[in-house]
Structure formats: structure tokens, C-alpha cells
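Report on one structure; see the data block that follows.
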């Protein structure tokens, strides 16, 4: 389960509408990136990133900014 705050959806709304981003693909990429097992191993770097923080870096990798 992933908590997606409405602010993130609003910020990237135009990118979603233009087909530049796909929310489902972003969530899948987030799940692949986050390593919850590391949290138990005291390696919190990848385990505690929020979806909104991930979305920003995901969009930047695609050279997109919220409109």
C-alpha cells in the first residue's frame, strides 16, 4: 500500500493529463525503489523516502517539472 497525498497529484496533474507521467507506473517504480527490509537492518536511506519525494526525483529523471 502506498499513501499518495493529494498535493502530489495536483502538482503533476498536467503531466498526467498530457501522458508524460503515469501514476500507476510511478507507484510501481516507488515500490521497486523502496526497500522496507532495510529499515529492519538500520539502513533507512531507501526505506523512509516518501512517495512525494520519490515523485519529484522520478519526474526530474524524465526532465519533467510540475506545471
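The values are calculated or read from the model by the stated rules, or taken from the named source; none is laboratory data. Only a predicted model underlies this, so the values are computations on that prediction, with no experimental measurement involved. Neighbour counts are summed over all protein chains in view; Cβ atoms, including those assigned to glycine, are modelled from backbone coordinates with ideal geometry.
Looking at the stretch 1-41, the helices (runs of 4 or more DSSP H) lying wholly inside it that each contain 1 or more residues that are more than 12 Å from the chain's Cα centre (by Cα) and either surrounded by 12 or more Cβ atoms within 10 Å (Cβ to Cβ) or modelled with pLDDT under 90 (or both) sit at 6-11, 13-18, 36-40.
For the stretch 46-67, the criterion of being in a helix (DSSP H, G or I), surrounded by 14 or more Cβ atoms within 10 Å (Cβ to Cβ) and modelled with pLDDT under 80 is met by no residue.
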